[in-house]
Amino acid sequence: MRVRVLGAVELAATNGEPTLARWPRVRKLLAVLLVHAGDIVSVDRLGDALWGGEAPIDRSSAVHNLVYRLRVIVRSAGAADTVRVVTRAPGYVLEVDGAEVDSTRFAELVETARDRLHEAPQVAAALLDEALSLWRGPAFAEFADEEFVRAEAGRLDELRGAAAADRVEAAIALGRHDEAIGMLEPLRAADPLGERPRRQLMRALHGVGRSVEALQVYRDYRDLLAELGLDPSPELRELEAAIIRHEPSIGWIGPTSPANNLPQEPGELVGRADDVIQVTDAMRRARLVTLTGVGGVGKTCLALHVAAVVGAEHPDGVWLCELAPVGASSVAEVLAAALEVRQRHGLTMTARLAEYLREKRLLIVLDNCEHVTATAAQLVDALLRSCPRVRVLATSREGLDVDGERVLPVAPLETPARGASSPETIAGVASVALFVQRASAASASFELTADNSADVAEICRRLDGLPLALELVAPKVRSLSAAEIVARLDRRLQFVRTAGWIREQRHRTLRAVVDWSHQLLDERQQQLFERLSVFVGSFTLDGAERVAGGRLDPAEIADVLTELVDRSMLGARPGRGPTRYALLETLRLYGRERLRARGWETATRRDHADYHVELAVAASTGLTGRDPGRWVKVMDQHLDDLRAAHTWAVAHDPDLAMRLSAALFWYLEPGTFSEGVGWAERAIA
Ligand SMILES: Nc1ncnc2c1ncn2[C@@H]1O[C@H](COP(=O)(O)OP(=O)(O)OP(=O)(O)O)[C@@H](O)[C@H]1O
Ligand SMILES: [Mg+2]
C-alpha cells in the first residue's frame, strides 16, 4: 500500500521509503484530499483546511503550488498510476485505487474477517492480525484533531477497536483463552465502561478455569456501573449466571480442566449465584470450607458446582469422596479409593494419603461428613497440616471443628414473600423456579399461570424453599393440582415418595432425609427437638424451657439449643432482643410425629398452651401500661402459636381457652376484634 493514514500520513515510494517526511503541508494536503477521495474539494476549502484563519494573501496560488509539489512527489515515488490529483473546477479530486490506501484495505479485511468469525475463526484471526498490523499510530496522526479529519479518524479508531474485539472473539472461539486474556488488558483500559471487553474477559477467564476471577470481573463492573446508576445488560447477567451454572454452552469445566471424578452431567444450579461467590471467596481464605445445612438444602449440589468453578486452579485434580454410605472406620479408605491411592506396607492409610498428597495441588470434596464427623475431622486435620496445597470442600449437617475451618451455612432457596402470588412476581424467585422446572419435567403440560401461581407460591413457602422437598413434591403435578398439593402438605412425610431407583435411599422420602439427621442426635437433643415441634412459629429460649419437660436444667437447655442449631436441626435468628429459634416446617412435622409416638404430645402441648396463656396475661397488663408497642410486637411474634394454643385449649381445656381469649382481648381489639370474638365464642361453645 502506497498511501497510508493509519499513523502518520505518508506516501510510500516503490521501495517502501516514506516520501513526505520533510513536507508537512503536502502531507496535510494529501490528508484533506484523501478524506474526500473521489469528490471535488474546492480551492477555498483546501485553503481553509490548510491554513485556517492565517491564509496567505494569494490563497489559490498557494494551493496550486502545493498540489504541484504533491504531483511531483507522487511521480517520483513511482505512484502516478494509482494516485492521481486531477484538476476539476472549482478545485481538485484525488483519484486513488482503494487497494493502495491502508485504511480502505483495513476496513475490507475487518469486514471479511467478521463474516468468517463463527465458521472459520482461524481464518478470521489471520485476517484480523493482518488488518491490525497496518496500524502504525493513531489515524492521521498529527492531524487527527483537525476539523477536516476528525470524523474520519474517529470512524477508523472505532473500527480498530471493533477489530481488536473480534480478534479476541476469534481467540476465544479457538479455545486460546490465555491469548485472549493478554489481548484484553489494553482493550479494557481503553474502554473502561465498555461491556464487550468485560464479557470477553469473563468468558476467557472461565475458559482457563479462572471462573472465580471471571465472576469477580462481573462484580467489579456491576459496582462500577452502580456508581453511575446503571445496570449491566441482561446478556452480561445471563453470562454470569451461565458461569455459575456451568451451562453446556460455555463448557462444564473447560477443555483445560484437570483430572476429576465429578459427575459428568450435574443438574443445573437454580439460584445460588451469591452462594457460589461466597464459597469461592471463602476457599481463597481457608483451605477447609464446610458447607452446613439441613438435609436436602442443596449442600452437595452447591459443592459440586463450586468444585467445577474452581476446578482448574487445582492441576492435580478435583476428587469427590462420598462419605454418606460409609462408616467411620473406613473414611480414609474411601478417600484413598476416590484418589486411586494404594495402601503401602508399613504405613497407615492416613500416613499413606499424607505422603501421596504432600506435593499435590488438588481439591477434595468430602461429601456428607455428618455421621463420621470426628473421624473425618481428624483425617482432614492431618492432611491439611502435612499437605500445604491440598484444599478441602466438605459438606455436612454440622461443622467439622478443625483449625482454620470456615463454616458456611447453606440456607434454603428464597421463597416468595407472603402475599406475592402473580406469576410475574414469583417466577424469578429461586424456589419457584426450581419447583416449576421439576414440575414441567414431570408433566409437559405444567405451566405457571395466573390460576395456579398463588398455590405454587404457597407450596414453596410451606416447604420452606427446601430443594429436596420441592423436588419430591413437584412431580405430584402429574395427578394433582397445585391447590390439591397444598391441601396435602401437612401429610408430606407420608405423601412424598419418589420413584426410588434414581435416588439414594436417604433422599427418596422426606421422612428418610430427616431420619438420617435425627438418628445422629443424642437422646437429650432428640427429646428437646421433638418437644420444640409444638411451636408453629418462632420461639425464644424462654419458650423452649417451658416445653422442655422438666428433665433438663435451664443452662443445659441453652446448650442443647445451640447443639441443635449447629446440627442444622434448628434455625436461630439472633437480633436485638432475645434470639429467636424456629424449625423448618418439614422438621416440625417430623418432630411432632415422634412426639406423638412417645405419647408426649398432649403434655407438651399443654405446656405450650400454658406458656402462651401466661404470655398473653403479661401482655394484657403490658398493653395498657407504659410501653404497649413492645407488647404488641411480642404478641405479633407469637400470633401463630397463640392461635395454635387456643385451638388446642378449645378441644382439651375450655377454661384455659377462655383465659386465653380474655387475655387477648386488648391485643386483638384494634382491627382484629372479630377474630377475638371468634376465639372467645369457640372457647364458650
Ligand atoms: N440450587 C439448586 N438447583 C437445582 N437443584 C438443586 C439445588 N439445590 C439442591 N438441588 C437438588 O435438591 C436435591 C437435594 O440437594 P443436595 O443433595 O445437594 O442436598 P444436601 O444438602 O447435600 O442433602 P444431604 O444433607 O441429605 O446430603 C438434589 O437432588 C439436588 O440436585
Ligand atoms: Mg449431600
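What is the pair-distance distribution P(r) of the chain, computed from all Cα-Cα distances in 20 Å bins starting at 0, with each bin given as a whole percent?
Spelled out bin by bin, the chain gives 14, 33, 25, 16, 10, 2 percent.
About its Cα centre, how strong a charge dipole does the chain have in debye, to the nearest 20, once Lys and Arg get +1 and Asp and Glu get -1 at the Cβ?
With Lys and Arg at +1 and Asp and Glu at -1, about 840 debye.
Give, rounded to the nearest 20 debye, the magnitude of the charge dipole that segment 497-620 has about its Cα centre when Lys and Arg contribute +1 at Cβ and Asp and Glu contribute -1 at Cβ.
Here the size comes out at about 620 debye.
To the nearest Å, what is the center-to-center distance of segment 328-363 and segment 61-102, using C-alpha atoms only?
So the two Cα centres are separated by 80 Å.
Name the shape class, rounded, prolate or oblate, that the alpha-carbon gyration tensor gives for segment 295-386, where a ≥ b ≥ c are the square roots of its eigenvalues, rounded holds for a/c under 1.5, and otherwise prolate holds if a/b is larger than b/c and oblate otherwise.
Since a/c reaches 1.5 but b/c is at least a/b, the shape of segment 295-386 is classed as oblate.
Helix 430-442 versus the longest principal axis of the chain: what angle, 0 to 90°, nearest 10, using Cα atoms?
90 degrees
Ratio of Rg to Rh for segment 184-251, alpha carbon only, Kirkwood?
Taking Rh as the inverse mean 1/r over Cα pairs, Rg/Rh reads 0.96.
Is segment 518-668 best put as rounded, prolate or oblate by its Cα gyration tensor, with a ≥ b ≥ c the root eigenvalues, rounded for a/c under 1.5, and otherwise prolate when a/b is larger than b/c, oblate when not?
oblate
Kindly write out, for segment 9-21 in residue order, the coupling ³J(HN,Hα) from the Karplus curve 6.51 cos²θ - 1.76 cosθ + 1.60 (θ = phi - 60°), rounded to whole Hz, with x marking Gly and Pro.
Per residue, the Karplus-derived 3J(HN,Hα) values read 5, 8, 10, 8, 6, 3, 7, x, 5, x, 10, 9, 3 Hz.
Quick one: dipole size for segment 423-511, taken about the Cα centre, charges +1 on Lys/Arg Cβ and -1 on Asp/Glu Cβ, in debye to the nearest 20.
Here the size comes out at about 600 debye.
Quick one: 3J(HN,Hα) in Hz for segment 444-460, Karplus 6.51/-1.76/1.60 with θ = phi - 60°, rounded, Gly and Pro as x.
Once rounded to whole Hz, the list reads 4, 8, 6, 8, 7, 10, 4, 6, 10, 5, 5, 6, 4, 4, 5, 4, 4.
What list do you get for Asp191, Asp607 if you sort them by fewest beta carbons within 10 Å?
Asp191, Asp607
Taking amide H positions as placed in the peptide plane 1.01 Å from N, state which residues far from Gly537 in sequence (5 or more) or on other chains have amide H under 5 Å from it.
Asp641
Kindly write out, for segment 172-178 in residue order, the coupling ³J(HN,Hα) from the Karplus curve 6.51 cos²θ - 1.76 cosθ + 1.60 (θ = phi - 60°), rounded to whole Hz, with x marking Gly and Pro.
Couplings: 5, 4, 8, x, 8, 5, 4 Hz.
Collect residues whose amide H, placed 1.01 Å from N in the peptide plane, falls under 5 Å from the amide H of Arg406; neighbours closer than 5 in sequence don't count.
Correct list: Leu288, Val289, Thr290.
Among Leu224, Leu357, Leu20, which residue has its Cα positioned farthest towards the positive end of the charge dipole of the chain, with +1 placed on the Cβ of Lys and Arg, -1 on the Cβ of Asp and Glu, and the dipole taken about the Cα centre?
Leu357
Any chance you could give the angle, 0 to 90 degrees and rounded to 10, that helix 628-652 forms with the longest Cα principal axis of the chain?
The angle comes out near 50 degrees.
Near Lys299, which lysines are there with a Cα under 29 Å away, not counting those fewer than 8 places off in the same chain?
Answer for Lys299, where 29 Å is the Cα cut-off: Lys360, Lys476, listed by chain and number.
Tilt of helix 195-207 relative to the longest C-alpha principal axis of the chain, in degrees (0 to 90, nearest 10)?
The helix 195-207 is inclined about 60 degrees to the chain.
Answer rounded, prolate or oblate for segment 337-409, using the Cα gyration tensor with square roots of eigenvalues a ≥ b ≥ c: rounded when a/c is under 1.5, else prolate when a/b is larger than b/c, else oblate. Could the numbers behind the result be given before it?
On the way: a/c = 1.93, a/b = 1.61, b/c = 1.20.
Prolate shape, in that a/c is at least 1.5 and a/b is the bigger ratio.
What share of the DSSP beta bridges in the chain is antiparallel, in percent to the nearest 5? Numbers along the way, then the final one.
Values: 17 of 39 bridges.
Around 45 percent of the beta bridges assigned by DSSP in the chain are antiparallel ones.
Any read-out appearing in this document is the output of simple, stated calculations on the displayed coordinates, not a laboratory observation. Keep in mind that what you see is a predicted model, and the values were worked out from it rather than measured. Because the Cβ atoms are built from the backbone with ideal geometry, glycine has one as well, and the counts that use them run over all protein chains shown.
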